[in-house]
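Below you'll find the structure, written out as structure tokens, and then a few comments.
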């Protein structure tokens, strides 16, 4: 298209539905890299609001959730109809690189989110499922070279929700992800991918940690005190101690307590946690060669020193459910 179509549309002042549909199909499915990039640039431009917070052209055919989800399916990802659960199929794993059109997909999702004040393209539930999908993409190692684009799409989706919607939608997404991602290093990768210092980012990170711990300990209600007791009563001197699970618990618990300010004034909880970190850092010997024993000791010592506690300080709050 080389920009001529965009110039024509800008001069005309509107985008016909047939043109919008054709360019979107090329963006999502074209194997022609040049055409795919041109279509992506076209949509980024027509979805960019003016200084007056209005679209530059009249448009009636927007990228819908159903169209975007169908594209994800065509890329080889598997989506559950209820929760947009995303995993990677065996055929996709066998490929060398990421799906060909995934960058364009992420960019158009970001563009759609940024015009909510002008036009609300997705419902809250649809935005929740898209956020679920994008977070799941962080587990696909083929997309590791796209971290900046993934983070931009993630942040755009997080900011898409109204203030009144965010906490309940965040909880829905966190529960969905925690129900399907195993309590192994993948759950830590999910939490680690939520980076940033604003309230919503911190709230999402803490909710993810909370929901992972809730499911791991078989709780129907996410009670922080019960979770803390379950973790801190683990005996590190027990010969049967599972240090791998303890390592995961320590990282998640620290994210839960210090991703936000919710527990800043909960001195009993904080002191109990720091005492347990001290136990882990001092009572696991340097000659203990059990799997993950040294990692637990080093991580506990690191947290105890306050480096992570200070970096996680913020003004977010967490609703315990």
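Okay, here's what the table says:
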read-out: Lone qualifier among 71, 104 - being at pLDDT 50 or above, crowded, with 16+ Cβ neighbours inside 10 Å and under 19 Å from the mean Cα position of the chain (by Cα); value: 104
read-out: Among the candidates 139, 159, 147, residue that is free of Cβ contacts under 8 Å to residues at least 24 places away in the same chain, surrounded by fewer than 23 Cβ atoms within 10 Å (Cβ to Cβ) and farther than 14 Å from residue 65 by Cα; value: 147
read-out: Residue in the range 309-319 that is under 24 Å from residue 180 (Cβ atoms), modelled with pLDDT of 90 or more and buried (at least 16 other Cβ atoms within 10 Å of the Cβ) present; value: no
read-out: Search result, residues across the range 176-190 that are part of a helix (DSSP H, G or I) and crowded, with 20+ Cβ neighbours inside 10 Å; value: 176, 177, 178, 187, 190
read-out: Matching residues in the range 255-270 - criterion: being assigned to a helix (DSSP H, G or I) and over 13 Å from residue 202 (Cβ atoms); value: 267, 268, 269, 270
read-out: Unique match (being closer than 21 Å to residue 132 by Cβ, surrounded by fewer than 17 Cβ atoms within 10 Å (Cβ to Cβ) and at pLDDT 95 or above) among 87, 64, 110; value: 64
read-out: Flag for residue 143 being farther than 30 Å from residue 16 by Cβ, assigned to a helix (DSSP H, G or I) and modelled with pLDDT of 95 or more; value: no
read-out: Failed item, numbered, when residue 153 is tested on (1) buried (at least 20 other Cβ atoms within 10 Å of the Cβ); (2) farther than 25 Å from residue 39 by Cα; (3) under 11 Å from the mean Cα position of the chain (by Cα); value: (2)
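The values are calculated or read from the model by the stated rules, or taken from the named source; none is laboratory data. None of the values given here were measured: they were computed from a predicted structure. Quick reminder, even Gly has a Cβ in these numbers, built from the backbone with ideal geometry, and neighbours come from all protein chains shown.
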